[in-house]
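The values are calculated or read from the model by the stated rules, or taken from the named source; none is laboratory data. Because the structure is predicted, anything quoted here is derived from the model rather than measured. Please note: Cβ atoms are built from the backbone with ideal geometry, for glycine as well, and neighbour counts cover all protein chains shown.
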Amino acid sequence: MSIPFEKNELAGKRLLILFPHMTMPGGALNYTLKLAEFLSKKGATVAILTLRNDPKYTGCPGVELLCLDGPVTSSIWYWGLLPFWQMRLNARITEWQPDLLIPQIFPANWWGWLYKRSHPKLKLMWVCHEPSAFIHSPAWIAALRPYWKRWLASALRPLLAAIDMRLSRHTDGLLANSKHTAAMAQKVYDRGADAIIYPGIDMTLFRPGKYKDRAGIVTVAQLTRFKRIDFLLRVFAQVSEKHDHLVFNIVGRGEHEKSLRALAGELSIASRVIFHGSLDDESLARLYQRSQLFLHGSIEEPFGMAPLEAIASGTPAIAHRSGGPQEVIDLSCGRLIDSLSVEAWSAEVSQLLFTLKRQPEYFDRVSLRAESFAWQNTLAPVVPIIQHLCAANLPVTR
């Protein structure tokens, strides 16, 4: 769905977005595509530079795609030939001649910083989804597979952290995707965010449905250890003892799918757990609309797109009281839980399910919370920052 913006505040500006590889759907990629479309609608000439893309996930009206047909950045082929790929990226950036570089998630921020080291007059605005995760987050490192990647990341972490913090000095503007992320950036880089640019929601796609009889619980996440779907399965096992009609819908793919299916069998709930794999946006929106409740298992999530999608669809969300979800979820649209115990979660989930049964009108109010997160609202603050960076004679970083 195109974003209807008509003004041309950024006319004449050439803006180059850097994104590692566009091969899987997800929050960061969707954010990048919506940002690119927004900036194009504002009159800028916009391109996205990436190492690899899948045409299924990269359509963006009015935006040029520059793909180097390289490896995904999680592969040994990228890191083993890092200088070669950086040289090719530098050449493509120089050829395109941007007024502003806009790197996104790691290692695209490194691409931009390394280029700016030798081109200090070029302005750089980093959209920080989180501090470089595989460097600064022990949880992300612990989730790496296979084991040698986890071992290598742990061994190199002190060196990579020092490089990362030094390179970050080449940032002229910093945008964070939540207040939580801004606080992490301040802690890691000693640099405050110039603005909070929340991920937005397509309110024409994710909206309340006409389903009167909602059934089941849903979660949407990549099936990795970091997303804690195993914890949610244990919660569901206890909840289903009191709510024997429930089905647990799990949407997503990942290396933990096999072990999660096995856990469902061990908990004797396999017949009531459905692994949907990946769903297109329309199918996902319908599943949200038909569900009674959304569960979000991650802790310290930088933002959390799926809970917002569920809320926009009229489905209450439950999450841990940490990270970005606590900036979205309140009593009008769900619950935040302080505890990390299965018992506390199952009790809270059961209580909310009973409340929804007694007060079905609660569903009618849930989606109102998402209205302030429409894309035209969340992305608006980026325009004056870009105007300032492109016009300002900022000090050269060293």
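Do any helices (runs of 4 or more DSSP H) lying entirely in segment 235-324 carry at least 2 residues that are over 20 Å from Arg335 (Cβ atoms), and which ones are they?
257-266, 281-290
Can you work out which of the residues in segment 378-398 that are more than 13 Å from Ala195 (Cβ to Cβ) and either polar (S, T, N, Q) or crowded, with 17+ Cβ neighbours inside 10 Å (or both) is modelled with the highest pLDDT?
Restricting to residues being more than 13 Å from Ala195 (Cβ to Cβ) and either polar (S, T, N, Q) or crowded, with 17+ Cβ neighbours inside 10 Å (or both), the top hit is Cys390.
Can you spot a residue in segment 227-248 that is modelled with pLDDT under 90, within 18 Å of Ile299 (Cβ to Cβ) and surrounded by 17 or more Cβ atoms within 10 Å (Cβ to Cβ)?
No, because not a single residue in segment 227-248 is modelled with pLDDT under 90, within 18 Å of Ile299 (Cβ to Cβ) and surrounded by 17 or more Cβ atoms within 10 Å (Cβ to Cβ).
Could you tell me which residue of segment 41-90 is surrounded by the fewest Cβ atoms within 10 Å (Cβ to Cβ), considering only residues that are over 21 Å from the mean Cα position of the chain (by Cα) and of a type in the set (Lys, Arg)?
Per the criteria, the residue is Arg88.
Identify, please: which residue in segment 15-45 is basic (Lys, Arg) and part of a helix (DSSP H, G or I) and is, among those, nearest to Phe303 (Cα to Cα)?
For segment 15-45, the residue satisfying everything is Lys34.
Would you please list the contacts, defined by Cβ atoms under 7 Å and residues six or more apart or on different chains, that run from a residue in segment 259-275 that is free of Cβ contacts under 8 Å to residues at least 60 places away in the same chain to a residue that is assigned to a strand (DSSP E or B)?
Within 7 Å, the pairs are Arg261/Phe275; Ala264/Val273; Arg272/Phe248; Val273/Phe248; Val273/Ile250; Ile274/Asn249; Ile274/Ile250; Phe275/Ile250.
Give the residue, chosen from Ile93, Ile48, that is assigned to a helix (DSSP H, G or I), closer than 22 Å to Arg14 by Cα and of a type in the set (A, V, I, L, M, F, W, C).
Criteria check complete, one pass: Ile93.
Report whether or not Pro107 is in contact (Cβ under 8 Å) with a residue 40 or more places away in the chain and touching a helix residue (DSSP H, G or I) at 6+ places or on another chain (Cβ under 7 Å).
no
Could you please let me know if Ser259 is of a type in the set (Ser, Thr, Tyr) and under 24 Å from Ile196 (Cβ atoms)?
Spelling it out, it is not the case that Ser259 is of a type in the set (Ser, Thr, Tyr) and under 24 Å from Ile196 (Cβ atoms).
All but one of (1) closer than 28 Å to Arg228 by Cβ; (2) in the same structural domain as Met184 (by TED's automatic domain parsing) hold for Ile386, so report the exception by its number.
(1)
For segment 122-143: of the residues being more than 16 Å from Phe19 (Cβ to Cβ) and at pLDDT 95 or above, which is nearest to the chain's Cα centre (by Cα)?
Here the residue is Lys123.
Residue check: is Leu353 part of a helix (DSSP H, G or I) and surrounded by fewer than 16 Cβ atoms within 10 Å (Cβ to Cβ)?
In short, no.
Does Trp110 fit the bill of being among the hydrophobic types (A, V, I, L, M, F, W, C), at pLDDT below 95 and farther than 19 Å from Ile386 by Cα?
no
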